[in-house]
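Here the structure comes first, spelled out in C-alpha cells, and everything after it is commentary.
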Amino acid sequence: MSTPRWPDGHDPAARELAAALDHARARTADDMSLRRGWSAVADLPERRLPPRVRRWSYFAGGVASAALAGACAALLWPRTIGGPRPGAVASAPEAGVRRLTLEGGVEAKLSASGVLRFDGGDPRVEGGEVRFSVPHRAPGRPFIVRAESYWVVVVGTRFGVAVDGGRNVAIDVDEGVVEVWGRGQDGKGAARRLARLAPGEGWRSPPVAVEPPVVAPPPTPAADAAPAAGARPATASAEPVDKAPRHAARSSGHAFALASPGGGEIVHAVEAPPSESPPPTGDPTAIARAALASGDTTRALQLYRALAGKSGPAAENAAYEIGKILGDKLGQPAAAVAAWRRYRSEYPQGLLRIEADVSIIETLARSGETDDALAEAADFLRRHPDSERRGEIARVAGDLYRARGDCRRAVGAYQIAIGAARTRDVSEAAAFHRAECLVRLGDSGGPDAARAYLRSYPSGRFRSEATALVSEDGRSR
Amino acid sequence: MRSVPRAAGPAGDLDMVVRCRRGDGTAWRSLYDRYAPVVHRFLAAFGVPTEEREDACQEVFVAVYRSLGRFRGEARLSTWIYRIAARHAARAGRRRRVRKLLSTLLVREPAPPPAPDPSDRTDRLRLLDDMIARLSEKKRLVLVLFEIEGVPIEEVAKIAGCPENTAWSRLHYARAELTAMAKRRMK
C-alpha cells in the first residue's frame with residue numbers, strides 16, 4: 001500500500017506544516033542530557049533490579065493511595081487554599097514553627113518570628129528564619145527565594161534564610177549547593193553571583209547602612225553568571241563573625257569567615273567538634289568534600305589531587321573539582337583554567353565536559369582574558385549546537401564583543417543567545433543588547449528591535465534604556 | 001511505501017540484546033547510544049515537556065533493561081522500545097494532567113510564560129508541538145511514529161496495538177485535524 005506525500009498542496013499552511021515536520025524529524029537530544037541519562041542507567045547490568053510488582057498489587061496500592069490521599073486532602077485542604085496565594089503572607093506562631101508545602105514539593109519551615117511573603121513571584125523571606133528543603137529540580141528551573149535585595153538560587157538542597165531586625169540577610173546550607181545573587185550593596189548594576197555555598201557554609205550580607213534598594217525582578221542565575229567584560233568583583237567586605245545572625249554560626253559548632261568576592265561574607269561552619277563527629281572514613285570523595293565543607297581547602301585540594309591520579313568516575317569528578325577549588329576558593333583563575341583544561345584533555349567525552357567548558361569561559365571572561373574567552377566561546381558554540389548552556393555562552397560572547405566595541409559580532413552572538421535561551425534572563429538581556437548594538441551600528445532595525453524588546457518585556461530590566469533608544473529614533477525622524 | 005531508514009532494525013540488535021541479558025556493559029552502552037536519541041526525539045514529539053524528558057528517557061531505559069528477558073526477537077527492537085516509550089509517555093501525560101488539575105485547584109502561581117524566541121525553527125516546532133498535543137493520544141501516537149519517526153505503518157500498528165487499517169484510519173484523521181489546525185493558525 002502506498003501513501004501520498006503529506007502535507008500535500010501548495011498553500012502556506014501546508015508548507016509551514018511540512019517545514020515544521022522537517023524540523024521535528026531533525027530534532028536532536030541535548031548531548032549533556034544524553035550523558036546524564038547514561039550515567040543514570042550505566043550500572044543497570046551490575047544492579048539487581050527488584051522484581052516487577054504484579055498488577056493486582058498495583059490495584060491494591062492504588063486503592064490504598066487514593067484513601068490516603070483523600071485523608072491527607074481533608075486534613076490539608078484549608079491550609080493549602082489559605083496558603084501561598086499571590087500577596088499572601090505566612091508567619092509562624094509566637095512560639096513554635098509552621099510548615100508549608102510550596103509548589104514543586106518545596107518544604108518551608110518557619111521558625112518563631114519567621115515571615116514568608118508570596119507576591120506572585122518567588123517567595124520572599126521578610127523576617128526571622130525560614131528553612132527550606134527543595135527536592136531535585138529539573139535543569140533550568142531553579143527554585144528562588146528572595147530576602148531583601150538578594151536572591152538565593154537552588155537546584156535541590158536544604159538550606160535556611162534569615163533576615164534580622166537590621167535587615168541583614170544570612171544564609172546557611174545543610175545539603176547541596178546554593179548560589180546567592182544580588183546587585184551589590186547599592187542595588188544597582190548587573191546582577192551577579194555573590195557566593196556559591198557548599199554544605200556547612202553560610203553567607204551573610206554586608207551591614208545595611210542606607211535605605212535598602214528596591215528589589216529588581218529576579219534574574220535567572222545561569223545567564224548572569226557571565227558578567228560583562230571588564231566587570232570586576234566588588235570590594236570584599238568584612239564583618240565580625242559575632243554580628244552575624246544567630247544561625248550562620250551554628251550553635252553546635254564554630255565558624256570562621258572569608259570575604260566573598262561579590263560582597264558579603266562566606267562563613268564556614270564546622271558542624272561539631274572532631275571528637276564528637278569523626279571525619280568520614282572510607283570514601284575519599286566524601287572525605288575531600290568534608291574537608292572542603294570544614295574550610296580546609298588545602299587538604300581538600302590535596303585529596304582531590306590524589307583522587308584525580310586514579311581512574312573512574314571519582315577521579316573524573318576530582319579532576320573537575322580541583323579547578324573549582326582553585327578558582328572559587330583560592331582565587332587563582334589561571335590555575336583553575338589550567339586544571340579544567342587538563343580535565344578536558346584527560347576526559348574529552350567526560351560527563352562534566354560541558355561544565356568544564358562553561359567554567360573555563362566564565363573564568364576567562366571574569367579575569368579579563370577576552371581573546372581566550374571568545375575563542376573558547378566560539379569553539380563551544382560550534383561544538384555544542386544543542387547544548388542547554390548555549391544561550392548563556394552566546395550571551396557571554398555577545399557581552400565580550402560589545403565591551404570591545406565590536407557591535408557586529410555582538411549582534412550575531414546575541415541572536416544565537418535569543419534563539420537558544422532557556423531562561424528569561426538570557427533572552428531578555430540578549431534582546432536588549434542586540435537592539436542597543438544595532439542602534440550603535442546605525443542599523444535601521446535597531447529601534448524596531450528596541451520596540452520589540454519593550455513589547456516582550458514591558459516591565460523589563462532595560463525598559464528605560466530601551467525607551468530612550470526608541471525616543472532617540474523618534475527625534476531623529 | 002515511504003522509506004524508513006531511521007526506524008529499520010539495524011543488524012545486530014538481537015545479538016546486542018542477548019549480550020545485554022548476560023550483563024555485558026558494552027552491549028548495554030551500544031544499545032543506549034543507538035536508541036537514546038530516538039527515544040528523546042519520540043518523547044519530544046509526543047509532547048513530553050523538556051524539563052521532564054530526561055527523567056522520562058531514563059525511566060524508559062530502566063524499563064527496557066528490566067524487560068530485556070522478555071524480548072523474543074519477534075518484533076524489531078526499535079518497535080519494542082517505541083512501545084515501551086509510548087506507554088511511558090502516555091503515563092507521564094496522565095500524571096501531568098493530574099498535576100495541572102491539582103495545581104489549578106491548590107496552587108497559586110501561574111507558570112512563567114515561555115521566553116520569546118524569534119528563530120523560525122523553534123517557533124515552528126513550538127507551534128507543531130502545540131498542535132500535536134491537541135490530538136487524541138491514539139491519533140498522536142500514530143502520527144508521531146509515522147510522520148516524524150518514519151516507522152512503517154505495520155510497525156506503527158504493532159506499537160499502537162491495533163489492526164493496520166485502524167492505524168491508517170487514525171493517521172488519516174490525525175493528518176486532517178493537523179491540517180485544519182494549521183490553516184486556522186495561518187488565517
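The values are calculated or read from the model by the stated rules, or taken from the named source; none is laboratory data. Every value quoted in this text rests on a predicted model; they were computed, and no experiment measured them. Reconstructed Cβ throughout: ideal geometry from the backbone, glycine too, with neighbour counts over all protein chains shown.
Note on region B:113-187: enclosed helices (runs of 4 or more DSSP H) holding 1 or more residues that are modelled with pLDDT under 90 are B:120-133, B:164-186.
Which of the residues belonging to region B:27-42 are within 11 Å of A:L34 (Cβ to Cβ), within 8 Å of chain A (Cβ to nearest Cβ) and surrounded by 20 or more Cβ atoms within 10 Å (Cβ to Cβ)? Once the filter is applied, which keeps residues that are within 11 Å of A:L34 (Cβ to Cβ), within 8 Å of chain A (Cβ to nearest Cβ) and surrounded by 20 or more Cβ atoms within 10 Å (Cβ to Cβ), region B:27-42 yields B:Y32, B:A36, B:H40. All conditions but one from (1) more than 7 Å from chain B (Cβ to nearest Cβ); (2) outside any loop (DSSP other than H, G, I, E, B); (3) modelled with pLDDT under 80 apply to A:S33; the one that does not is (1). Residues that are hydrophobic (A, V, I, L, M, F, W, C) and either within 9 Å of another protein chain (Cβ to nearest Cβ) or surrounded by 14 or more Cβ atoms within 10 Å (Cβ to Cβ) (or both) within region B:161-179 comprise B:C162, B:A167, B:W168, B:L171, B:A174, B:L178, listed in sequence order. Summed over region A:410-429, residues that are among the small types (G, A, S), more than 10 Å from chain B (Cβ to nearest Cβ) and either buried (at least 24 other Cβ atoms within 10 Å of the Cβ) or in contact (Cβ under 8 Å) with a residue 24 or more places away in the chain (or both) total 4. Only a single criterion out of (1) at the interface with chain A (Cβ under 8 Å from one of its Cβ atoms); (2) of a type in the set (G, A, S); (3) surrounded by fewer than 17 Cβ atoms within 10 Å (Cβ to Cβ) is not satisfied by B:A45, namely (3). Looking at region A:72-94, is at least one residue at positive phi, small (G, A, S), at pLDDT 75 or above and in the same structural domain as A:V130 (by TED's automatic domain parsing)? Within region A:72-94 (the criterion being at positive phi, small (G, A, S), at pLDDT 75 or above and in the same structural domain as A:V130 (by TED's automatic domain parsing)), the answer is no, since none of the residues qualifies. All told, A:Y320 falls short of being surrounded by 17 or more Cβ atoms within 10 Å (Cβ to Cβ) and over 21 Å from the mean Cα position of the chain (by Cα). Would you call A:A378 surrounded by fewer than 24 Cβ atoms within 10 Å (Cβ to Cβ), among the hydrophobic types (A, V, I, L, M, F, W, C) and free of Cβ contacts under 8 Å to residues at least 60 places away in the same chain? So A:A378 passes the test. For A:V53, the criteria (1) modelled with pLDDT under 70; (2) out of contact with any strand residue (DSSP E or B) (no Cβ under 9 Å at 6 or more places or on another chain); (3) surrounded by 12 or more Cβ atoms within 10 Å (Cβ to Cβ) hold in every case but one, which is (3). All conditions in (1) part of a helix (DSSP H, G or I); (2) free of Cβ contacts under 8 Å to residues at least 24 places away in the same chain; (3) within 24 Å of A:G309 (Cβ to Cβ) hold for A:P348, with the sole exception of (1). Going by what's in this entry, would A:L400 be described as assigned to a helix (DSSP H, G or I), at pLDDT 90 or above and more than 13 Å from chain B (Cβ to nearest Cβ)? Yes: the conditions hold for A:L400.
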